[in-house]
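Just dropping this structure here.
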């Protein structure tokens, strides 16, 4: 941060502090910034509570200081004022007094308030908890809970007033590294069924928030402890306790949750591979393979990492969307479980069987079309990279068919398949099959970036060619013919436009 920026930021803080200190109505600093200050963290939201007209105050503040005004919640009177890179959310008191307002909040750590003064504002933004401790209002003993790293509800009635707070409990506890106290978990278990009646957009926003952060597996386990996870994702219920093959350390339910953190683990392995490219992996004399400390995906680690972290859809990254898809990737296993004559357990076709179970859940969450397609594709295709793996290498035909079916999600699904594989074994060593799988994914991704024509060959002909050459009318028949041509092209049966037209003519004459 340069000196000019520091100076201008300090000036903005001074201007806001002086302006607010001159107001007649009572004001309090509340919110995540106050909680995080006492927790020794930074980055929480800065919120201002006013006993009066919050929207009017926000508009005047923005106007007088040349900032921006945004209405966040007109019904409850919440607005955001931005001044440079500073943002202040302003809301109105929702009870008869400040203490009653705080007691209605979700968790004790969030039920803190600080009477507004310029000195308090400066100290809060500087993270100086010692300067604030004597002045903070703490009717629910939130400071003691913060010190113990304990997330505790302000009361059962407050938790039940908005069931989405059950999801927030899991998200906060995982993000902060805190424990949820037993009474809060017990209360949440009685409230969790009401999540089925919460606005789906709010549910999806919380699921995205959980999956966007590290330690998402822990958040999901906390949701499960509170009885909420299978309310949100009903197809997971029959996965609990469903045993798998001898290589699997976890049952289907626990494996599913472990894969979420395994996705982040693969990202960390790609980062490590950028810094120190890994040596070739080998099996030891016992046929065991150590867990990797780094990965190299065909020299494309940087491109893959950028892709996973870039904005994708609904304000989320592909990395977050992969972790959402993880919740559904094995929900088809209860329908497809079988046992071979030698006692081995199999789940033939479980990926495809999982899509119809996934679709109604994510549609019910009001997930957008692009996001739904991504999740469904990940579920449907997540086994394919491993199925292509083998000692003889990756064929062009297999790679083309995979990218045809996975489409834009192909690279992401390939990365996901590695995370899924690593979560099979728990702490036990891998098997030599990992070497083939990792090599196949590396080659898939290398070709996608370096030789894209090998995996996504350009069309030989299109619908306009059929109309111009054969007088066909646009409609389903053209689609059928083009699908035949594409399949023959992907299979390597035809390679040129002339061969494509010859195939069309045989089909039309037949």
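The values are calculated or read from the model by the stated rules, or taken from the named source; none is laboratory data. Not measured: the values here are computed from a predicted model. Cβ placement follows ideal geometry from the backbone for every residue including glycine, while neighbour counts extend to all protein chains displayed.
Taking residue 495 and the conditions (1) at pLDDT below 90; (2) assigned to a helix (DSSP H, G or I), which numbered condition does it fall short on, given that it satisfies the others?
Looking at each condition in turn, residue 495 falls short on (2).
Does residue 102 qualify as being within 26 Å of residue 71 (Cα to Cα) and either modelled with pLDDT of 95 or more or assigned to a helix (DSSP H, G or I) (or both)? Even if it seems obvious, please write down each step before you answer.
Working: within 26 Å of residue 71 (Cα to Cα): yes; either modelled with pLDDT of 95 or more or assigned to a helix (DSSP H, G or I) (or both): yes.
The answer is yes for residue 102.
Of the residues 392, 436, only one is outside any helix (DSSP H, G or I), out of contact with any helix residue (DSSP H, G or I) (no Cβ under 7 Å at 6 or more places or on another chain) and either in contact (Cβ under 8 Å) with a residue 60 or more places away in the chain or surrounded by fewer than 23 Cβ atoms within 10 Å (Cβ to Cβ) (or both); which?
Working: 436 fails: outside any helix (DSSP H, G or I).
Of the residues listed, the single one that is outside any helix (DSSP H, G or I), out of contact with any helix residue (DSSP H, G or I) (no Cβ under 7 Å at 6 or more places or on another chain) and either in contact (Cβ under 8 Å) with a residue 60 or more places away in the chain or surrounded by fewer than 23 Cβ atoms within 10 Å (Cβ to Cβ) (or both) is 392.
Quick one: residue 187 ticks every box in (1) over 17 Å from residue 34 (Cβ atoms); (2) free of Cβ contacts under 8 Å to residues at least 40 places away in the same chain; (3) out of contact with any strand residue (DSSP E or B) (no Cβ under 9 Å at 6 or more places or on another chain); (4) in a helix (DSSP H, G or I) except a single one, so which number is it?
Condition not satisfied by residue 187: (3).
So residue 60 clears everything in (1) modelled with pLDDT of 90 or more; (2) not in a helix (DSSP H, G or I) except one condition, right? Which one?
(2)
Additional query: Within region 376-399, how many residues are within 28 Å of the chain's Cα centre (by Cα), more than 14 Å from residue 433 (Cα to Cα) and modelled with pLDDT under 90?
Total satisfying the criteria: 0.
Please work out if residue 405 is assigned by TED's automatic domain parsing to the domain that holds residue 304, touching a helix residue (DSSP H, G or I) at 6+ places or on another chain (Cβ under 9 Å), crowded, with 21+ Cβ neighbours inside 10 Å and assigned to a helix (DSSP H, G or I).
On the way: assigned by TED's automatic domain parsing to the domain that holds residue 304: yes; touching a helix residue (DSSP H, G or I) at 6+ places or on another chain (Cβ under 9 Å): yes; crowded, with 21+ Cβ neighbours inside 10 Å: no; assigned to a helix (DSSP H, G or I): yes.
Judged against the criteria, residue 405 is not a match.
Can you name the condition, by its number, that residue 194 falls short on among (1) within 25 Å of residue 316 (Cα to Cα); (2) part of a helix (DSSP H, G or I)?
For residue 194, the failing item is (1).
Now a separate question. Could you pull out the residue among 65, 71, 57, 49 that is under 17 Å from residue 12 (Cα atoms) and in contact with a helix residue (DSSP H, G or I) (Cβ under 9 Å, 6 or more places away or on another chain)?
On the way: 71 fails: under 17 Å from residue 12 (Cα atoms); 57 fails: under 17 Å from residue 12 (Cα atoms); 49 fails: under 17 Å from residue 12 (Cα atoms).
Exactly one residue qualifies, and that residue is 65.
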